[in-house]
Amino acid sequence: MEAAKSLKVNGQRIVVAVDESEESMFALQWCLSNLTSPDTKNTLILLYVKPSPAISISSFDAPGYVFSSDVISAMEKHGKDLVSAVMKRAEAVYAKFNTNVNLERVVGRGDAKNVICRTVEKLEADTLVMGCHGYGFFQRALLGSVSDYCAKYAKCPVVIVKQP
């Protein structure tokens, strides 16, 4: 508890990586409970990373596939709706806390681990907070772990929050 209190320093830029998962919302709650207080002047940056499309969404770029403008529009709308839904969930979590934190939203696109590390560096974040999905050894070996990668390569301290 003493360590968490010592982290409550005014003027910190804290990036919280959020996605559709319960783990990321738990990490946000943990951050608001442990790294902020009503008297801090921190900036909390909600970072959502949209994955790159698995297929090219240009009607001319994908050899052998031609997508109508309706399909492309629907895919783009779905992506925007997903970002909006995740940010609304995160803002609802934020609203439950009595805090004086300035809230910002950032949306990136691409491979999550690379985008998170690049964004943290670009924003000169003091801390990165992210959830842990709790994958086992084999899933991590096959899929990779975004939190493991960020813990190694982010240019700031990383707090990985695991649900009890």
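The values are calculated or read from the model by the stated rules, or taken from the named source; none is laboratory data. Owing to the predicted nature of the structure, the values given are computational and were not obtained by experimental measurement. Cβ placement follows ideal geometry from the backbone for every residue including glycine, while neighbour counts extend to all protein chains displayed. Please note that ligands, DNA and RNA were not included when accessible areas were found on the heavy atoms of the full protein model with its side chains. Shrake-Rupley method; radii C 1.70, N 1.55, O 1.52, S 1.80 Å.
Being buried (at least 21 other Cβ atoms within 10 Å of the Cβ) and touching a Leu at 6+ places or on another chain (Cβ under 7 Å) is the filter here, so list the residues in region 105-126 that pass it. Selection gives Ile116, Val120.
Considering region 38-54, and only residues there that are outside any strand (DSSP E or B) and out of contact with any helix residue (DSSP H, G or I) (no Cβ under 9 Å at 6 or more places or on another chain), the residue that is modelled with the highest pLDDT turns out to be Asn42.
Pairs under 8 Å by beta carbon, first residue open to solvent by less than 70 Å² (accessible area, probe 1.4 Å) in region 61-87, partner in a loop (DSSP other than H, G, I, E, B) and modelled with pLDDT of 75 or more, six or more apart or different chains? Matching pairs, first to second residue: Leu82/Glu20; Ala85/Glu20; Val86/Asp19; Val86/Glu20. For region 88-116, filtered to residues that are part of a helix (DSSP H, G or I) and closer than 16 Å to Pro51 by Cβ, the residue that is farthest from the chain's Cα centre (by Cα) is Asn114.
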